[in-house]
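No lab work stands behind these numbers, since they all come straight from the coordinates. Since the model is a prediction, treat every value here as computed from it, not as a measurement. Positions of Cβ are backbone-derived with ideal geometry, glycine not excepted, and every protein chain shown enters the neighbour counts.
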Amino acid sequence: MMKVPWLQKKRKRKKNSQRKKKKKKRAAKEKKQENAMLGGTVVLSIVIALALFFALPYFLSGFFKKVISSQMLIAFIEGVIRLAIFLGYIAIISLTPDIKRTFMYHGSEHKCINCIEHGLPLTVENVRKSSKHHKRCGTSFLLIVMLISILFFMFIRVDSKPLQLLLRLVLIPVIAGVSYEFIRLAGRYDNPVVNMLSVPGLLMQRMTTKEPDDEMIEVGIASVEAVFDWKKWQEEKQCVHIDRQIEGIYDI
């Protein structure tokens with residue numbers, strides 16, 4: 001039987017079209033499953049974080065009510081327990097190889113920012129010499145959240161246990177906002193008071209930042225240059241500094 005070339009091509013195109021449709025459907029299904037898994041992971045992480053860092057310290061501090069009558073002291077103990085759980089969590093995860101490597105990249109990020117803020121060109125050599133600690137670090141932010149939550153819950157008290165738990169959830173954005181403003185303040189000013197208040201966060205960074213290798217530093221530099229024109233920023237900062245010096249001369 002004689003084969004018709006155009007009919008064969010038509011069948012071939014049809015098969016290819018069907019394969020592409022199946023491939024798209026499969027990709028869409030996998031994407032949907034991936035998004036569902038990601039969403040579930042995020043929700044589960046939030047629930048575990050709230051249970052571990054808010055609910056658990058609250059219930060553990062309840063054991064001290066048998067021997068301590070002061071609600072303010074109980075709230076302080078709750079905050080200390082929360083802080084201990086947080087530090088223990090960081091210490092445990094820092095033992096894993098992947099997190100150790102993440103902390104090295106974290107150190108690279110800090111070194112790059114410190115290098116820029118000190119007016120040095122962003123090179124591997126200059127970054128390597130820069131500090132891996134920074135006052136505006138997210139680690140410092142989390143620690144400040146823990147410390148400020150102690151103050152909040154010491155002075156904001158209700159008798160109902162459900163309301164006490166609800167307050168710990170409702171006040172999270174407020175505590176986070178206050179902590180964020182402190183981190184901004186610490187990054188903007190350099191004086192003895194601010195530096196002293198920043199010490200706990202900087203000490204915490206000894207756990208969450210590690211010295212990076214040169215390849216990690218190169219990744220840090222590339223990341224900074226992808227999102228930030230550091231040369232322009234240094235020029236603008238230098239101009240502001242010169243303007244302030246001139247203003248100071250005229251004031252004299």
Qualifying lysines (Cα of each under 20 Å from Cα of Lys31; at least 8 residues distant if same chain): Lys20, Lys21, Lys22, Lys23
Positive-end extreme of charge dipole, region 23-100 - chosen from Leu52, Gly79, Leu38 (charges on Cβ): Leu38
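Given N residues in region 85-135, what is Rg(Cα) / (2.2 N^0.38 Å)?
Compactness ratio reported: 1.35.
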In Hz, Karplus ³J(HN,Hα) per residue of region 174-191 (6.51, -1.76, 1.60; θ = phi - 60°; x = Gly, Pro): 5, 4, 4, x, 4, 5, 4, 5, 5, 4, 4, 4, 5, x, 8, 10, 10, 9
Pairwise centroid distance, computed over Cα atoms, of region 174-199 with region 22-64, Å: 31 Å
Candidates Thr102, Thr41, Thr209: whichever shows maximal mean-square fluctuation once the chain is modelled as a Gaussian network with Cα springs under 10 Å: Thr41
Fluctuation leader among Met216, Met72, Met37 - the chain, Gaussian network, Cα springs under 10 angstrom: Met37
Of Tyr180, Tyr105, Tyr189, the one that fluctuates the most in a GNM where the chain has Cα springs shorter than 10 Å: Tyr189
Given [x] 52, 22, 16; [y] 30, 20, 18; [z] 46, 35, 18, the label whose value is semi-axes √(5λ) of the Cα gyration tensor in Å derived from this model: [z]
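How much mean residue ellipticity at 222 nm does the chain get from its helices, if each DSSP H run of length 4 or more adds -39500 (n - 2.57) and you divide by all residues, to the nearest 500 deg cm²/dmol? The partial results should precede the final answer.
On the way: 11 runs with 200 residues, N = 252.
Rounded to the nearest 500, it is -27000 deg cm²/dmol.
For the cross-link pairs Lys210/Lys237; Lys32/Lys135; Lys32/Lys232, which exceed 31 Å when the distance is taken from alpha carbon to alpha carbon? Intermediate values should be presented prior to the final figure.
Working: Lys210/Lys237 29 Å; Lys32/Lys135 40 Å; Lys32/Lys232 42 Å.
Cα-Cα > 31 Å for Lys32/Lys135; Lys32/Lys232; rest within.
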